[in-house]
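K.L.:
There's a structure below that I have some questions on.
No lab work stands behind these numbers, since they all come straight from the coordinates. Note that the coordinates shown come from a computational prediction; the quantities given were computed from them, not determined experimentally. Here Cβ is always computed from backbone atoms with ideal geometry, including for glycine, and neighbour counts include all displayed protein chains.
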Amino acid sequence: MMNRGQIDVAALRGRHPHHFVGLQREQRMLALVAAALIALLLLGMAYLDFFDAKTLRGITKLGEVAILMLPPDPGSWAHFQLYFWALIETISIALLGTLTAAVLALPLGLLAARNVTASRFLRFLTRRSLDTIRSIDILVWALIWISVVGLGPFAGVLAFATSDIGSFGKLFAEAIEAADRKPVEGIVSTGGGKLLGVRFGILPEVFPVLASQLLYYFESNTRWASVLGVVGAGGIGLQLGEAIRVLELQQASFIILMILIAVALIDVISNRLRFALIGRRVQTA
Amino acid sequence: MSSPIVQLPEAQLRPLLAGYNATVRSRRWHTLLIFVAVVVAMGLSSIAAEVSLPTFVDKIGNFTGYIGRLFHLDSGRGVWTDPVEWYWGLGRWLRLLGETLVMAYVGTALGVIGAFFLSFLAATNVTPNRWLSVVVRRFCEFCRTVPGLVFALMFVIAFGLGPMAGVLAVAIHTLGTLVKLFSEVVENIDPKPVEGVSSTGAAWHVAMRFGALPQVLSGFVSYTLLRFEINVRESAVLGFVGAGGIGMDLFEAIRKFYYSDVSAILVMIVITVALIDSATSLIRHRLLGLMDGHR
Amino acid sequence: MLRLDGLVKEFGAKRAVDSVSMIVPPGQFVGVIGQSGAGKSTLLRAINRLSDPTQGSIWCNDTDVMALKGRGLRQWRARCAMIFQQFNLAGRLDVLTNVLMGRAFHAPVWRSVAKLWTAEEKAMGLSALESLDIARLAGQRADTLSGGQQQRVAIARALIQEPEIILADEPVASLDPRNTRVVMDALLHINKHFGITVMCNLHSLDLARKYCDRLVGLAGGQLVFDGVPAALTDHVARDLYGLEASDVVDADQRPVLVLGGAQGLAVANP
């Protein structure tokens, strides 16, 4: 068996300098980056008063809060009914908002796609607008729409419809750009115009992708819709925010439970639908 | 030159046409059915969500008016005419924006550290214990499904108003999402290097360190950076429920109709988000290039 | 009559087609041969103006093809149908709809967009499909068909354009030997019975010799051979495919097409 002492590191280094240098430089770089990131984390935590007696007290308090939440309990039958209809309202907000946004986003997605819109300026303008819409949070949109149409679920619907245009427009544009260009070429080569190329060459190909993205968004929007009520844009968030504020924690946890069940149900349904839409096709595509 | 189409005799054509029409018709019925289902669902939802087109038509003017007012100072002049007046609170807003970024960073970092360890426990192919994997997965599903804002509301009760509640909300939501994504990355690795290291008699954590980690690192980094972008956006609104950051001032400005303040803060957020997005995508490409280059 | 004059197509610094001039009388079956990357595809795509040539001119009878744009250009494309190696069908649409795309130029746009085909158009499409033995597949989705069937759908699409010229870009490169024969026979039939000019890119010299009236050889984008198949001796073929031909066979074990002749000269099939 070889003894460690027999390995002449200096000689090896002389013969294969790149092994030593390369490794060392890379490791040193990585260590440096990691150290910087951790230092930044500690500084940040200090800045936000993490290392403070208050934190410890907060954690104890959090434990108490968690215990107070159990078991989930709506309080009364009337409360349960109220929550149930608020949940229906929440799902409706998400559904309507998502669908409206998708319908409005499709033409914008086409405008932003390289293989449909030739004008570089138009594409740039569309993309920047979509990015701007996207970088403003749904809650901000909700507040703005509340100022316009008043408190209530309608403001929530409009908030989703505007906010999701940004995300959908970008996703749709990417899906359209990823579409195979061969069918379009086939149609253009027969003397068909751009419109026919898009209609028959691109849209049928990307439609299942768009539909499945829409279903994903519907699911995640239902989650978001359950907090819109906290700022007054309808849905179960109103009750949830209220329950937490007045420390009716068992009711709060019951509402959270209802939301979790609703989201899980929608997840199952949308998976089924997605499968029906593209499931059979995925293997051959 | 004659037309290359030799028209089929009617007797031969008719059954072909009938067959084609029948196929197409059944497909069209199918499409129509889906369409009707969607329309009905939308109709029912619009009743539940109190959608009212008259209100919309009536108030849409308010929306454009609102957007217009956002860009006018109290004096009625455009905001661009007097940037100093527009950004009268620049110092305070910059500090709050900085706080928002720190919240996003600390929240992301804490979430990533937790997700890093949990994902190896959750991934079905490398987990040391199947039951542990199920427990971790369920827990993370919970963290993912409950909206961050709800966590923030709870944490505000425990920790009081301020960024601490926001950071923890971001961290816990990040943990939930990233464990799912990370464990998917781990599940897609090539098992041979792990087996290779394990076969030398190495312990589980050693096998993970040298067998699995090199394969998953670039995926982890990619998802982390994407998550950071999302967290910056989210941190900016956590202040709506008192959980720190620039959201507090934004919420107040919107609620109290300080129009030019709203636009000033929004413009700052949009620019910051755009800068962060381009920076992270730059870092992502650099890092991935670096890692692939040295493999 | 199709006339190309000093046709050049550049991609950046690279000349894919380098001053090609030729005259194709009506009704000819022209085979375009050469190594992959010799500019065969680019040449055909330039004639249909799927990609615009950098220099030179294309004339078809009295039409200055290079000057066309808008509706005129689309009319030209309708006159010279294209067939592609990968069929270029819309996979999720049914076969007949794919074929009826061949009427895209003739039917008003709104009617096409709404898929409101007339009875005559449908009859035309079905007749074209039946002439290729696949009318019974009219209602199926195009991507459920085999490669050979898909290429026949593409030919039917070309037929109902009622074109003067068919440009076939490696129509059989993705097909097995049996379907290769079906497709090539169909092209030959169209050429001989209806007098439609066919320009066909081919990899296999055997096929080129068997089906074409005239062969045109490209190397490095330049026209280096033009003559009847009989004039394409093994010596000329070796020039055309360069010295690498034998090297490729030695270098790796990719499937090869053996070129006629006892010398055993072979061409790699990429």
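K.L.:
Say we join alpha carbon atoms closer than 10 Å with springs in a Gaussian network model of chain B; which of B:Thr272, B:Thr23, B:Thr224 then has the biggest fluctuation?
P.N.:
Taking springs between Cα atoms under 10 Å, the residue moving most is B:Thr23.
K.L.:
A follow-up question, please. Return the calculated 222 nm mean residue ellipticity for chain A, to the nearest 500 deg cm²/dmol, obtained by summing -39500 (n - 2.57) across DSSP H runs with n ≥ 4 and dividing by the residue count.
P.N.:
Details: 11 runs with 212 residues, N = 285.
When only DSSP H runs of four or more count, the value is -25500 deg cm²/dmol.
K.L.:
Counting other beta carbons within 10 Å of each residue's own, what order do B:Val237, A:Val188 fall into, fewest first?
P.N.:
Going from sparsest to densest Cβ surroundings: A:Val188, B:Val237.
K.L.:
Picking from B:Ile276, B:Ile265, B:Ile60, which is most flexible by a Gaussian network model of chain B using Cα springs under 10 Å?
P.N.:
B:Ile60
K.L.:
State whether the stretch B:1-84 is rounded, prolate or oblate according to the following rule on the C-alpha gyration tensor (a ≥ b ≥ c being the square roots of its eigenvalues): a/c under 1.5 gives rounded; otherwise a/b larger than b/c gives prolate, and the remaining case gives oblate.
P.N.:
Oblate shape, in that a/c is at least 1.5 and b/c is the bigger or equal ratio.
K.L.:
In Å, what is the Rg of the alpha-carbon atoms in chain C, and how long is Dmax?
P.N.:
18.9, 60
K.L.:
Would you mind getting me the FRET efficiency between C:Arg3 and C:Asp234? Use the beta-carbon distance for r and R0 = 25 Å, nearest 0.05.
P.N.:
The pair C:Arg3/C:Asp234 has a calculated efficiency of 0.20.
K.L.:
Right, here's the next one. How large is ³J(HN,Hα) for each residue in the stretch B:271-285, as worked out from phi by the Karplus curve 6.51 cos²θ - 1.76 cosθ + 1.60 (θ = phi - 60°), to whole Hz, x for Gly and Pro?
P.N.:
Working through the residues one at a time gives 5, 4, 4, 4, 4, 4, 4, 5, 5, 5, 5, 5, 4, 4, 5 Hz.
K.L.:
Over all alpha-carbon pairs in chain A, figure out the percentage whose distance exceeds 34 Å.
P.N.:
49 percent
K.L.:
Using alpha carbons only, what's the Rg to Rh ratio of the stretch B:10-51 with Rh from Kirkwood?
P.N.:
Reported Rg/Rh (Cα atoms, Kirkwood Rh): 1.43.
K.L.:
Can you show me the helix-derived [θ] at 222 nm for chain C, built from DSSP H runs with n ≥ 4 at -39,500 (n - 2.57) apiece and divided by the number of residues, rounded to the nearest 500.
P.N.:
-10500 deg cm²/dmol
K.L.:
Here is a follow-up. Given N residues in chain B, what is Rg(Cα) / (2.2 N^0.38 Å)?
P.N.:
Normalised by 2.2 N^0.38 Å, the Cα Rg of chain B equals 1.48.
K.L.:
Using the 10 angstrom Cβ neighbour count as an exposure proxy, how do B:Val84, B:Val38 rank, fewest first?
P.N.:
B:Val84, B:Val38
K.L.:
Taking chain C as a Gaussian network, Cα atoms linked when under 10 Å apart, which of C:Gly102, C:Gly31, C:Gly139 shows the biggest mean-square fluctuation?
P.N.:
C:Gly139
K.L.:
Could I ask something else about it? Roughly how many debye, to the nearest 20, is the charge dipole of the protein assembly as shown about its Cα centre, given +1 on each Lys and Arg Cβ, -1 on each Asp and Glu Cβ, and no other charges?
P.N.:
500 debye
K.L.:
Which of the lysines could a cross-linker bridge to C:Lys69, judged by Cα under 21 Å and excluding same-chain residues fewer than eight apart?
P.N.:
The qualifying lysines are A:Lys194, C:Lys9.
K.L.:
Leaving out same-chain residues fewer than 8 places away, which aspartates and glutamates sit with a Cα under 15 Å from that of B:Lys256?
P.N.:
Within reach: B:Asp74.
K.L.:
Something else: So for the pair B:Phe210, B:Glu141, with labels modelled 7 Å out along Cα→Cβ, what separation do we get in nm?
P.N.:
That separation, rounded to one decimal, is 3.7 nm.
K.L.:
Return the FRET efficiency for the residue pair A:Ala39, C:Ser21: r is the Cβ-Cβ distance, R0 is 56 Å, and the value is rounded to the nearest 0.05.
P.N.:
Details: r = 71 Å, r/R0 = 1.26.
Calculated value: 0.20.
K.L.:
Then there's this: Which one of C:Gly31, C:Gly72, C:Asn61 has its Cα pushed farthest toward the positive end of the charge dipole of the stretch C:13-76, where Lys and Arg give +1 and Asp and Glu give -1 at the Cβ?
P.N.:
After comparing all options, I get C:Gly72.
K.L.:
What is the order of B:Val167, B:Val186, fewest Cβ neighbours within 10 Å to most? Show your work: numbers first, answer last.
P.N.:
Values: B:Val167 33, B:Val186 25.
Fewest-to-most ranking of B:Val167, B:Val186: B:Val186, B:Val167.
K.L.:
A follow-up question, please. Can you tell me the Rg and the Dmax, both Å, for the Cα atoms in the protein assembly as shown?
P.N.:
For the protein assembly as shown, the Cα-based Rg and Dmax read 33.4, 97 Å.
K.L.:
So if I take the centroid of the Cα atoms in the stretch A:109-175 and the same for the stretch C:169-203, what is the distance between those two points in Å?
P.N.:
When both Cα centres are located, 49 Å separates them.
K.L.:
Taking every DSSP beta bridge with both residues inside the protein assembly as shown, roughly what % is antiparallel (nearest 5)? Before the final figure, lay out each step's value.
P.N.:
On the way: 24 of 40 bridges.
Bridges in the protein assembly as shown that DSSP calls antiparallel: roughly 60 percent.
K.L.:
So what's the gap between the Cα centers of the stretch B:104-181 and the stretch B:15-31, to the nearest angstrom?
P.N.:
52 Å
K.L.:
Would you be so kind as to identify which of B:Ser235, B:Ala212, B:Phe139 lies farthest towards the positive end of the dipole of chain B, taking Lys and Arg as +1 and Asp and Glu as -1 on Cβ and the Cα centre as origin?
P.N.:
Working it through, the farthest residue towards the positive pole turns out to be B:Ala212.
K.L.:
For the stretch B:1-160, just say rounded, prolate or oblate: build the C-alpha gyration tensor, square-root its eigenvalues into a ≥ b ≥ c, call rounded for a/c under 1.5, and beyond that prolate if a/b exceeds b/c, oblate if not.
P.N.:
In terms of gyration-tensor shape, oblate.
K.L.:
Which lysines does C:Lys192 reach when only Cα atoms under 25 Å apart count, and residues fewer than 8 places away in its own chain are ignored?
P.N.:
C:Lys40, C:Lys210
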